[in-house]
Every structure is written in structure tokens, then in C-alpha cells.
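Asker: Below you'll find the structure I mean.
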Amino acid sequence: MAQLTVIVQLTVDTEQAPAMAARLVDSLRTAVDLPIDRMVVDGAHVPQQRALTQAKLRIEPAARRVLVQDTPVELTRLEFDLLLFLCLHPGRVHQRSTLLAQVWGVPDHLGTRTVDVHIRRLRSKIGPGFDPITTVRGVGYLVDRNAGFVIEPA
């Protein structure tokens, strides 16, 4: 197995840097069709998620904690993993079969209704008035980049 290191240096406005970095990382992952656990991004130099000062949803991966407007939300392991996966890959529609493979680690022939059930439970736990997850009928789910969430650095 070989390791490839890619360094990209761009000059952009300070406000644009986090969003630009997130789009570049997302594009690279898509271009090389690489699972998230096979690519490491140096968070000290490349912010992966735009930090929103008024984020309604805060995800703390190291603590496996989710807060909605600073109130902790109790999620199951799979609900947390599903939300984190969608938020780590914003702006992309994820098919149910892809979510089963990436989050559950199972083949898609086991049925995709389980994804729908977990999304429904996740939405109910996050609460009314705030739903960062969009359903793309007949295809899957996505989280908009500007949905009001932030992923805390580890």
C-alpha cells in the first residue's frame, strides 16, 4: 500500500477559506472515490467545516455528542454516525444504499427502509423547527452546507 500526500495552497478571502477547503476536500474524495476513513485531512491547515457562530446544531465527534441550541440530544450509535456522515459530506445527495454501506457497513440488499426509519427518528430527536436533512424523493438524503451546523474539531 502506498501513501500519497497532496498539498494545495490557495489565496482566498479569510471568510471564504473554510467553505473553499470543505468543497476541495469533498471534490477530491468524490473524484478518487475514496471512503472517508481512507483520507486524512490536516485540520490545523485545512478547516473541514465552516464554523458558524450561530450554529443551531453542534456535533462533537470526539465526545460523540450532539447539541441543538446548546441542549444535548441523546442519539443511538447509528443515529449519531448517520448524522455525522451526512454533515461531513454536505451538499451531496447520498443514496440509501450508499448510506447503508458507509454508515451501517452492510450491503444494500438488506433493505433501504431502515435508513428512512433512522432519518425519521433523527429528525424527531433534533426537534421541530430545525431540520438540516433534506429528503430527495426517490434518491436519498442530503444536508445543505448552510443548514446551520458545525462539526467541532477533534
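Asker: Could you check the range 64-80 and list, in sequence order, the residues that are in contact with a Lys or Arg (Cβ under 9 Å, 6 or more places away or on another chain), open to solvent by 20 Å² or more (accessible area, probe 1.4 Å) and of a type outside the set (A, V, I, L, M, F, W, C)?
Answerer: Once the filter is applied, which keeps residues that are in contact with a Lys or Arg (Cβ under 9 Å, 6 or more places away or on another chain), open to solvent by 20 Å² or more (accessible area, probe 1.4 Å) and of a type outside the set (A, V, I, L, M, F, W, C), the range 64-80 yields 64, 65, 69, 70, 72, 74, 76, 77.
Asker: State whether the residues of the range 82-95 include one that is open to solvent by 10 Å² or more (accessible area, probe 1.4 Å), part of a helix (DSSP H, G or I), of a type in the set (A, V, I, L, M, F, W, C) and touching a helix residue (DSSP H, G or I) at 6+ places or on another chain (Cβ under 6 Å).
Answerer: Yes, the range 82-95 has at least one match.
Asker: Give me the pairs: first residue in the range 117-130 and touching a residue at least 40 places away in the same chain (Cβ under 8 Å), second residue open to solvent by 80 Å² or more (accessible area, probe 1.4 Å), beta-carbon distance under 6 Å, and six or more apart or on different chains, which are they?
Answerer: 130/56
Asker: Moving on to the next point. Just for strands (runs of 3 or more DSSP E) wholly inside the range 112-154: which have at least 3 residues that are surrounded by 15 or more Cβ atoms within 10 Å (Cβ to Cβ) and either among the β-branched types (Val, Ile, Thr) or modelled with pLDDT of 90 or more (or both)?
Answerer: 140-143, 149-151
Residue-wise test of (1) β-branched (Val, Ile, Thr); (2) touching a Gly at 6+ places or on another chain (Cβ under 7 Å).
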residue: 55; (1), (2): no, yes
residue: 68; (1), (2): yes, yes
residue: 72; (1), (2): no, no
residue: 80; (1), (2): no, no
residue: 107; (1), (2): no, no
residue: 127; (1), (2): no, no
residue: 138; (1), (2): no, no
residue: 147; (1), (2): no, no
residue: 151; (1), (2): yes, no
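The values are calculated or read from the model by the stated rules, or taken from the named source; none is laboratory data. Computed from a predicted structure; not experimentally measured. Cβ coordinates were reconstructed from backbone atoms using ideal geometry, including for glycine residues, and neighbour counts include every protein chain displayed. These accessible areas exclude ligands, DNA and RNA; they are computed on the full protein's heavy atoms, side chains included. Shrake-Rupley method; radii C 1.70, N 1.55, O 1.52, S 1.80 Å.
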